[in-house]
Amino acid sequence: MSAPVEMDVLVVGAGLSGIAAGYYLSHRLPHKRFAILEARDSLGGTWDLFRYPGVRSDSDMHTLGYSFRPWNGDIALADGPSIKAYIAETARAYGLDRHIRYGRRVVRAAWCSEQAVWTVTAVTSTGENEIYRCRFLFMCSGYYDYERGYLPQWAEMDRFQGPIVHPQAWPGDLEYRDAQVVVIGSGATAVTIVPAMAAQAAHVTMLQRSPTYVVSLPRRDAVARWIYRFAPRRIAHGLVRWKYVLLQMFFYAFMRAFPQRAKKRITGLVAQELGAHYDVATHFTPRYNPWDQRLCLVPDGDLFAAIRSGRASVVTGEIERFVSDGIVLKSGAHLRADVVVAATGLQLKLFGDMQLCVDGREIDMAEQVAYKGMMLCDVPNFGWALGYTNASWTLKCELTARYVCRLIEHLDRNGYAYAQPKRPDRSIGLEPAISLTSGYIQRAIAKLPKQAARAPWKLYQNYALDLASLRFGRLDDGVMEFVR
């Protein structure tokens, strides 16, 4: 084993949030040594991993893109390859690609208060251990398992004679032209795959156990195009970005305050798309309220267009068993299939299952309370990029990166060795940090950090409140402890 690599800041993950972290570190703290460790052999995170047909953003690119390098053009919902290219171009433009070390999977991080340093162990793609020492550790690795998605085990799956594929492990040679395809699921991945595959398949059936809220948005933004045409580019970007931020905040607040009105409006728009005779109540009216789970966005109503054309259909029901040529439902219906796509969701794996220790004590994530949605109580010099669930991921991650730089500057300026949020009194009442009722959250809920009902332990899912707190709020707020 070689000698430890010494860094001031270590960033884990080279996706959207990791590249944002690198940008702010290089511009706000140019004298600091930092590296970005990436487990895969390419940057991009989610946008490098997913290769299924039609893969695209379900957030607008004017806010999913970076504030310091605006997304180019009027396309609001972009395809996956374009997003990955945008991330790669951003990394090259600011020299961040030179800081990335690929094929390094972080497996352990141990903090020593006496030395005020993290010792981080990474396993290389050749199976060797590399040791890094850093003053600040910044996790930008997302929160789901990159190695495998969630695949339920249905009865007699082995009887099916065709391929059963999961979108997270999409085979590049899958042939489905003129095939009968069944896509199991109703979330963002399913509503993306169905119209994309329907363009070549004989027919695609979206088989869902229960419906999801589906909302159509224009792929291209005419207002953004007009603003960019008449305003200087930097001003135009600010106006378009804030337009989306404010619209997201308004619609989220409206839907949470008036769920029945929101439900009626969303399902009414679906009825307009599919016609008066379509059974919207069965196939597009969920049992839960809007934003109990994420809404699914479809650009230019492509899912509805595929259904209207007859190339796609929706079936709502539960699987009884697989048979050689398809799936039999509990209702007795038989769905014939040549190919089955199990768009059944993600598995959460916080920090990639990295072992986290502080002064010899292993940290149990389920016992942790998140501070401002970006640090953990009693864990020194540790940042965590967790994006929004009701808006673009990048909005919160940029705020977090800026805060980390502010915090490091404050430590240096005042001669402190480290900072850590002090654990709150449990009497304040705790709940899971991520409050969605989505299956992938509920399956891992017992392992997630907690939040509380008031600041700074509350995750507001509100960009304006976080902007005030993270950009302009006091660092020394009575909760953050500074140690010399």
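The values are calculated or read from the model by the stated rules, or taken from the named source; none is laboratory data. Values in this document were obtained by computation on a predicted structure and should not be read as measured data. Note: ideal-geometry Cβ built from the backbone for every residue, glycine included; neighbour counts use all protein chains shown. What goes into the accessible areas is simple: the full protein's heavy atoms, side chains included, and nothing from ligands, DNA or RNA. Shrake-Rupley method; radii C 1.70, N 1.55, O 1.52, S 1.80 Å.
Remark: LEU399 falls outside the filter, which requires a residue to be over 21 Å from VAL9 (Cα atoms) and assigned to a helix (DSSP H, G or I).
Within region 340-363, not a single residue is small (Gly, Ala, Ser), open to solvent by 40 Å² or more (accessible area, probe 1.4 Å) and over 30 Å from ARG108 (Cα atoms). Looking only at region 422-432, decide whether some residue is surrounded by 22 or more Cβ atoms within 10 Å (Cβ to Cβ) and either modelled with pLDDT of 90 or more or not in a helix (DSSP H, G or I) (or both). Looking for residues that are surrounded by 22 or more Cβ atoms within 10 Å (Cβ to Cβ) and either modelled with pLDDT of 90 or more or not in a helix (DSSP H, G or I) (or both), one finds none in region 422-432, hence no. Restricting attention to region 28-40, the residues that are in contact (Cβ under 8 Å) with a residue 12 or more places away in the chain and open to solvent by 10 Å² or more (accessible area, probe 1.4 Å) add up to 7. Scoring ASP292 on the criteria (1) at pLDDT 90 or above; (2) open to solvent by less than 50 Å² (accessible area, probe 1.4 Å); (3) outside any helix (DSSP H, G or I) leaves a single failure, condition (1).
The listed residues are ALA305, ALA281, ALA262, and the only one of them that is exposed (fewer than 14 other Cβ atoms within 10 Å of the Cβ) and hydrophobic (A, V, I, L, M, F, W, C) turns out to be ALA281.
Cβ-Cβ distances below 8 Å connect the following pairs, each with a first residue in region 463-484 that is β-branched (Val, Ile, Thr), a second residue that is outside any loop (DSSP other than H, G, I, E, B), and a separation of six or more residues or different chains: VAL479/TYR371; VAL479/PRO421; VAL483/TYR418; VAL483/ALA419; VAL483/GLN420.
Give region 164-180 a look and list any residue that's part of a loop (DSSP other than H, G, I, E, B) and within 24 Å of LEU348 (Cα to Cα), or say none.
HIS166, TRP170, PRO171
Listed here are the helices (runs of 4 or more DSSP H) enclosed by region 41-113 that have at least 1 residues being touching a residue at least 40 places away in the same chain (Cβ under 8 Å) and over 19 Å from the mean Cα position of the chain (by Cα): 80-93. For region 265-278, the set of residues classified as under 13 Å from ARG308 (Cα atoms), open to solvent by 40 Å² or more (accessible area, probe 1.4 Å) and part of a helix (DSSP H, G or I) consists of GLN272, GLU273, listed by residue number. Among the residues of region 227-238, those that are assigned to a helix (DSSP H, G or I) and surrounded by fewer than 21 Cβ atoms within 10 Å (Cβ to Cβ) comprise ILE227, TYR228, ARG229, PHE230, ARG233, ARG234, ILE235, ALA236, GLY238. Applying the condition of being modelled with pLDDT of 95 or more, touching a strand residue (DSSP E or B) at 6+ places or on another chain (Cβ under 8 Å) and among the small types (Gly, Ala, Ser) to region 188-209 and asking which residue is farthest from ASP302 (Cα to Cα) yields ALA202. Taken over region 298-342, the criterion of being of a type in the set (Ser, Thr, Tyr) and not in a strand (DSSP E or B) is satisfied by SER309, SER324, SER331. Name the residues in region 153-163 that are at negative phi, outside any helix (DSSP H, G or I) and open to solvent by 30 Å² or more (accessible area, probe 1.4 Å), would you? Selection gives GLN153, TRP154, ALA155, GLN161, PRO163. The set of residues in region 101-132 that are in contact with a Lys or Arg (Cβ under 7 Å, 6 or more places away or on another chain), open to solvent by less than 30 Å² (accessible area, probe 1.4 Å) and over 14 Å from ASP8 (Cα atoms) comprises THR121, ALA122, THR124. If the condition is being part of a helix (DSSP H, G or I) and open to solvent by 10 Å² or more (accessible area, probe 1.4 Å), then region 193-226 contributes PRO195, ALA196, ALA222, VAL223, ARG225, TRP226.
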